Amino acid sequence: MGVLPCAMILTGLRPIDPLAHRSDLDTATAPPPASAGGARRWLVLFPRAIPLAIFLALAAVTALSVFAIESNARARERAMMREYAQGVAAALDRSSSGFTSYLRAGAALFSSMDNVSPATFDSFVRALKLNTEYSGAEGIGWIPVLEAGDLPAFLVEARRTQPAYPDIFPRPASSTGRVAPVAMFAPAAPHNRRALGYDMYSDPARAAAMAEGELTLRPAASGRIVLVQETSGTAPAFAIYMPVFRKGAPGEGRLAGFVYTPFRAREFLEAAIDRQGEGRFGVRLYDGEASTGHLLVAQSVGGSATETVEQQVTIADRKLMLVIDHVDHQVLSLLSMVTLVFGLALASLLMLLSRLLTQQAFEDQARLALFEEQHSIRNSLTRELNHRVKNTLANVLSILSLTRRRATGLDEFADSLEGRIRALSATHDLLTVTDWGTTPIRAVIEAEVQAFRSAIDDTILLDGPALELAPNDALSFGLAVHELATNAAKYGALSVAGGQVTVRWHRRDDDGAPAPWAEVEWQETGGPPVAGQRRRGFGTELIEKIVAHELRQPVTLDFAPEGVRCVLRVPVRRLADFRIREK
């Protein structure tokens, strides 16, 4: 019978196959594919960074998508604004060009006449068939240019044909110089009659436009003015003047007067907007550059403009600036909002999914570590069990061999062998209770002498501090105490009444020693005198050879006449010094 089968018989254990469950462990610890292992390794190494990085990446893609959508929307909106500005500018140009053509026709007609009578002017206007409803123009007027001295004769003639013709206003400050009163105006509405007699040269803006027309021989537009017909006196307007020359070439002829058309700026702009179509854009018209002091008229859509487009318009050689405003009341367009919500939702979902994968990777890693640990513990327990069984069997074989050599009969052999194996069993039981950890030295002694203390009352005294022994050291020490107690019960202090055994121990930490130890002293008193001549028994050899070898410390055994004295040195080792063997 080999060593391992003997261990099974003595301990009552099943055979333990170190390769049991090998297939399960191999399956559990089988490495994953390279790609999956790499992904799991990243998830385990960066459990928080990976989900956050996924969320930030998708959020960045979403932000870029929203930015692209908004940029395209802004570009499309700006293109629509430019198209709208060009349409309004074209409508303004058509309105001004139409009346400019009327003025040119009137100038050509009046330049061929020595005098422009009301009948001639009315015939001209009827022939034009003026329609001022959709242009913002007030009508067409005739302005003769006179010397200040000719005003009395002009008034007499004017009142002859127009009995209600008023005085010239503002009244000329000098009796010399030129005067340009409004002589006729059509259509002859009541509010238009308020312009008759008004001296155009009295207003610098009108005079400048007339001088420019006289110089260029083309229609000229004035700057911002207020029409005489305007009752409030604040509505912005402008006028276009076409010079009329008589007799000779235009460059050499005499300036007879001007055909002109006044425009209300608001109606002029609204007419152009109506032609283009009402939109969601604001429109401003400036005389020259786009600044507050040059504003002619504005049509707002409310709120502060977020986008503006400028378009230059030329009216009778005068540069105007058309500004289109757009107010975007939405922070983001509908498509951008949908993209943003969908992108953030997807980013959150993927972040949650990656977090779940990270948690799963952690759990998988924990399972693998547990399987590996269980496998390692199973192997270690198998090796430790084999080692301890071998040690126990070696002790049993040694005890058996020595007992056989010293026994004189079968009964003595059986009794001695049974007592010593019982001592090993008692210590084994004590170690089993402590899960084969450290065992108190007092508990080992009490386990071995318990039977003797029960039979002989308090004849065994124990004294010492709390010290812990390693499992193998406790087995050897317990065997030594059993031999000492058995010898005392047969031949020593425990064999007679009045005998006493005192066991004392203390801790020793000598310099240079590899580890501390417990020095245990066994002292018998009050027993029979110890014989000087005696046969060397098995207990003595067991203590001096086997126990001393196992404890790796010398044993002092003194058979003094007054009683046996034994000093044992037992190592006090740390748990790490005798933990389960890994190899």
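Read-outs throughout are calculated quantities, based only on the coordinates presented, and are distinct from any laboratory measurement. In this text the structure is predicted, and so the values were computed from the model without any measurement. Cβ sites come from the backbone with ideal geometry, for glycine too, and all protein chains shown count toward neighbours.
Could you pull out the trypsin sites (Lys or Arg not before Pro) across region 178-251 that fall in loop regions by DSSP (anything but H, G, I, E, B) with no more than 16 other Cβ atoms inside 10 Å? Could the numbers behind the result be given before it?
Numbers: sites: Arg178, Arg193, Arg194, Arg206, Arg224, Arg246, Lys247; in loops: Arg224, Lys247.
Listed in order of number, the matching sites are Lys247.
Using only the alpha-carbon atoms of region 111-198 as identical scatterers, what base-10 log of I(q)/I(0) does the Debye formula give at q = 0.20, 0.21, 0.22 Å⁻¹?
-1.01, -1.09, -1.17
Over region 71-326, calculate the relative contact order: mean separation of alpha carbon pairs under 8 Å at least 6 apart, over the residue count, as a percent. Kindly include the intermediate steps, with their values, before the conclusion.
Details: 478 pairs, mean separation 60.6, N = 256.
Here the relative contact order equals 24 percent.
Once the Cβ-Cβ distance between Ala531 and Arg565 is put in as r, and R0 is 22 Å, what FRET efficiency do you end up with, to the nearest 0.05?
Details: r = 15 Å, r/R0 = 0.70.
The pair Ala531/Arg565 has a calculated efficiency of 0.90.
Please give me, ordered by residue number, the GluC sites (Glu not before Pro) of region 170-254 that lie in loop per DSSP and have at most 13 other Cβ atoms within 10 Å. Don't skip to the answer; put the middle values down first.
Working: sites: Glu212, Glu214, Glu230, Glu252; in loops: Glu230, Glu252.
Sites meeting the loop and neighbour criteria: Glu252.
Pop a pseudo-label 7 angstrom from the Cα along the beta-carbon direction at both Arg507 and Arg94 and give the gap in nm to one decimal.
11.2
For region 71-326, list log₁₀ I(q)/I(0) at each q in 0.14, 0.17 Å⁻¹, using the Debye formula over Cα point scatterers of equal strength and ignoring solvent, two decimals each.
-0.92, -1.27
Quick one: if the Förster radius is 35 Å, what FRET efficiency do Val226 and Ser112 give, using the C-beta to C-beta distance and rounding to 0.05?
Working: r = 34 Å, r/R0 = 0.97.
After rounding to 0.05, the efficiency reads 0.55.
How big, in percent, is the set of alpha carbon pairs in region 137-186 lying more than 14 Å apart?
Everything past 14 Å amounts to 53 percent.
If each residue of separation counts as 0.36 nm, what is the full-extension length gain between Asn386 and Thr408 once their alpha-carbon separation is subtracted? Write down the numbers at each step before the final one.
Working: separation 22, 0.36 × 22 = 7.92 nm, distance 3.44 nm.
Length gained, Asn386 through Thr408: 4.5 nm.
Using only the Cα atoms, work out Rg/Rh for region 278-385, with Rh taken as the Kirkwood radius, to two decimals.
Values: Rg = 35.2 Å, Rh = 20.7 Å.
For region 278-385, the value is 1.70.
Give me the distance in nm between label points sitting 7 Å out from Cα along the Cα-to-Cβ direction at Lys490 and Arg280, one decimal.
11.5
Within region 91-170, which GluC sites (Glu not before Pro) sit in a loop by DSSP and count at most 16 neighbouring Cβ atoms inside 10 Å? Each step should come with its number before you reach the end.
Working: sites: Glu133, Glu138, Glu147, Glu157; in loops: Glu133, Glu138.
Of the GluC sites (Glu not before Pro), the ones in loops of region 91-170 whose Cβ has at most 16 other Cβ atoms within 10 Å are Glu133.
By how many nm would the segment from Ala57 to Asp167 lengthen if fully extended, with 0.36 nm per residue of separation less the alpha-carbon distance?
Numbers: separation 110, 0.36 × 110 = 39.60 nm, distance 8.25 nm.
Here the answer is 31.4 nm.
Using 7 Å Cα-to-Cβ label points, what is the Glu521/Gln86 separation (nm, one decimal)?
12.0
Assuming R0 = 25 Å, can you tell me the calculated FRET efficiency for the pair Leu370 and Arg48, based on Cβ-Cβ distance, to the nearest 0.05? Write out the running numbers ahead of the final one.
Working: r = 24 Å, r/R0 = 0.95.
Computed FRET efficiency for Leu370 and Arg48: 0.55.
Across the Cα atoms of region 99-144, what radius of gyration and what greatest pairwise Cα-Cα distance (Dmax) are found, in Å?
10.8, 34
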